Structures are given as C-alpha cells and as structure tokens.
1. List every residue whose amide H lies under 5 Å from the amide H of S104, counting only residues 5 or more places away in sequence or on a different chain, with H placed 1.01 Å from N in the peptide plane.
2. From the phi angles alone, apply the Karplus equation (6.51, -1.76, 1.60; θ = phi - 60°) to segment 72-78 and give each ³J(HN,Hα) in whole Hz, x where the residue is Gly or Pro.
3. How many lysine pairs are close in segment 3-271, with Cα atoms under 19 Å apart and the two 8 or more places apart or on different chains?
4. Could you put K73, K195, K60 in order, starting from the residue whose Cβ has the fewest other Cβ atoms within 10 Å?
5. Taking the inverse of the average 1/r across all pairs of different Cα atoms in segment 97-143, what Kirkwood radius in Å do you get?
6. D for segment 53-108, whole µm²/s, Stokes-Einstein with Kirkwood Rh over alpha-carbon pairs at 4 °C and 1.567 mPa s: what number?
7. Direction-averaged shadow area of the convex hull around the Cα atoms of segment 81-224, nm²?
8. If each DSSP helix of 4+ residues adds -39,500 (n - 2.57) and the sum is divided by the residues in the chain, what number results at 222 nm, nearest 500 deg cm²/dmol?
Amino acid sequence: MAFAEVETLARDLLTAYETGSIIEVPPSQRPGFDLNAAYEVEDMLKRWREAAGHKAVGRKVGYANKAMWRVLKLETLVWGHMYEDTVHYSESNSATLSLANPRSLKIEPEIVFGLKAEVNGGCDAATALAAADWLALGFEIIDCPYPEWKFQPSDFVASFGLHAALVIGQKLPIRAEMIPQLVDDLARFKVKISKAGELVEEGSGRNSLKSPALCLAELGAAIARRNPTHPLSAGEIVSSGTLTAGHPTNKGDEWTVEAEGINLPQLSLRLT
C-alpha cells in the first residue's frame, strides 16, 4: 500500500477514534492492506498522538490464542500502543471511569505487567518475569469502530488495537525468589468476572497463551522480529490478553474481577 494511502487511512482512523464515528468499510477490504500496512498505520497514529501530547506508555495484546492463529493465518499475536490518557490506576482497588464518544464497549479482565528491563526474542516465562517490575489485575475496555464487531487482525492493529482504556489494580512487586512460583501460578490461576454482583464468567490464565508470562515472552519476541530497533522496553506497561470473553458494557455498569490461585486482590470498576 502506497504511503499516501496509509496516511489517508490513518487520518480516517484517528478521526473515528476521536469522534466515536464508524468505519463502514474495514481497511482489510481494501486492496494491498495487510499486517505490514496495518503496523505502518499504527506507527503513524502513535507519532501523531505523541505529537499531540499523548505519550505512549506500553502495549496491549490481541489474539493471545494459538487456535485463532491457525484460523486467521497468523504467525504470532498482534499488538497496539496504549497512552498516558488511556491508562488509569485504581485507588484501593476500586475505580470509576468515564469514556468520551463510546460506540460499542466491551470489558476484559487481564494481567498487566510493568517492565524494568527489555523483553526480546527467545525467552521463556521465567526470563520474561525477570524483566518485569510488577504485575496486577486489570480491566481493559475495548471499543470497535467497525460495524457489528467484524474485523480482521490487520483492522485490529490499525485501529489502536480497539483499545479505549486500561484500569490497573494493586501492583504486586516481582522479586527474584518469587519467579518460580509465579511461573506455576500464572499458568493455573482462575478469575471470576461479575457484573452488579452477579457472576458473568469464569476464566483462567491459560486463556492468555497458556500463561500471561508466556504471552509477555511471545510479545517481546514478536516485536523484536518486526521492529528490532524498537523492542519491548523498560518502563513499558503490557496488558497481556483477556482471561475471559469480552463482555458488552455501558454507562452505569459495575464490574469486579477476583483471582484464585495467585496473590492479587479483587479489582472493581464502575463506568460513569
């Protein structure tokens, strides 16, 4: 896809992001638009957002499920950037969140990592965790600019990874002596997500590439292959893929997520 086409598409997607409008024809339906073009769009959007004062602070993961890779002919997971104005921290594991111009929101419980060192290719779960300063439960809010939530991985990448917001719970500092136990816990722990006190779904760390730590390692490797001069680096925040299905949500909803089998406290979120 020519540079002028990439730039025009990026401007259309940024306008949709800022206004809550719909992109009636997903980019994947245009000739020449593939994952390479999608990451060109994503990089352009990042530069424009940072120029407008919205610093990129990390990455969010998409398609952290190898079964989906086979169906969609992906070689690895995909990602998009998150920004200072989209990442929020809870107070005492409870937060309220208001979003401008929502279209069709969904909520996903995730494990979030804060990095103290680079994560690159060829590492295992323990090595990836050694690069992390902390982990926490989080809620990611996603929003889709395409009709009826129908899109391809390239559309996902080009539209900010559908990222609208991330809310982070209490951080658990990662010490070296904790890592062997965390490797086991992250592969086995369970979560329960509830709405207004009623259980909606039970999930598991295995839903994020068999473990959020393995997902973090895969993300570092994928980024290093695609753009070795801009690896997954110290200081970045990583939202490592949903632990349940995404559930529709709207203003007034109150959500909680609680973990079993890992030392992370319950997180609550209310949309206002």
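Taken together, the values in this text are just the output of simple stated rules run on the coordinates, not laboratory data. Computed from a prediction, not measured in an experiment: that's the story for all the values here. Because the Cβ atoms are built from the backbone with ideal geometry, glycine has one as well, and the counts that use them run over all protein chains shown.
1. Sorted by chain and number, the residues that satisfy this are C144.
2. Values per residue, Gly and Pro as x: 9, 6, 8, 8, 7, 6, 10 Hz.
3. Lysine pairs, 8 or more places apart or on different chains, close enough: 19.
4. Result, fewest neighbours first: K73, K195, K60.
5. This gives a value of 12.9 Å.
6. 92
7. 9.7
8. After summing the helix terms and dividing by residue count, I get -8500 deg cm²/dmol.
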